[in-house]
Structures are given as C-alpha cells and as structure tokens.
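FYI, it's all coordinate maths here, none of it is from the lab. The shown structure was predicted, so the numbers you read here are calculated from the model rather than taken from an experiment. Here the Cβ positions follow ideal geometry from the backbone for every residue, glycine too, while neighbour counts run over all protein chains shown.
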Amino acid sequence: MEAILMTGCDLIAAAKPWEVQQETVKVIVEEFYEQGDDEKRCGREPLAMMDRNKANELPKMQVDFMEGICLPCYKLLASIVPCTKQLEEQCSYNAKKWAELMEESCNGAKEDEQSTSCGHTP
C-alpha cells in the first residue's frame, strides 16, 4: 500500500488540472532537453524524450507515459482507496487531451508532407 501511494504522489502532475499538467510538463521537458544537450556535447545520443529535435513527438510520449505508467497506478489506487477516483479521472482526461494534441500533430505533419509533395511550401 505504501509503495502505490508513494508512486501516486510521484506521478501526481499527471492528475493535476489540464493547464497545470501542461505547464509542469513544459518545465520537466526543458530539464530533459538540457540533459540531452549535455549528452550530445559529450558525443552520446540522448533518449528521444531528452532530444529537443524530437519535440514534435512530445504528445505521443506523454500519451504512452500516461497510459502505460500513470493510469494503471491511479486505477489500482482507486480500486484500493475509492476516494482517489478523481485522480484516475483527471489523469484519463489529461491523457485524452495529449492524444488530441498528438492527432493534431500527426494531421499537421501529413498536411506538410502533402503540401511539399505537391510542390507547395508549408
């Protein structure tokens, strides 16, 4: 029980209101990018989440993180401590918002490819 509570606390940004969640992710991602920049300077290839050249993949990475790590944690927590159901619900909402951004990003990339392939510049 203690372990799942500690994990839930560690992941709490995923269960904050959407606007807070977005701002928190911006701060965390900037720290990751700085570490990735340091790794590049040392001649190492950073993980995708630490590579600012892959920033367009952020929504997908967030969806994967929330669906693979955060939501299972909050679902388990809500099954043990029902009054925490709101955390699961907010996390699920945030995952859907990231999925919407991922869709928009994918659609935008497809439009750019079509414009370029048709001889138009985006």
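Note down the magnitude of the dipole of the chain about its Cα centre, charges +1 on Lys and Arg C-beta and -1 on Asp and Glu C-beta and zero elsewhere, to the nearest 20 debye. Walk me through the intermediate numbers first.
On the way: 13 positive and 23 negative charges, 47 e Å.
Charge dipole of the chain: 220 debye, to the nearest 20.
How long are the three semi-axes of the equivalent ellipsoid for region 2-117, computed from the Cα gyration tensor as the root of 5 times each eigenvalue, in whole Å, largest first?
Values: eigenvalues 171, 78, 22 Å².
Semi-axes from the Cα gyration tensor: 29, 20, 10 Å.
Do any trypsin sites (Lys or Arg not before Pro) in region 1-104 lie in a loop, going by DSSP, with at most 15 other beta-carbon atoms within 10 Å of their beta carbon, and if so which? Filter output for region 1-104: 44. Over 25 Å apart at the Cα level, from the set 54/97; 26/60; 54/75; 54/96, are 54/75.
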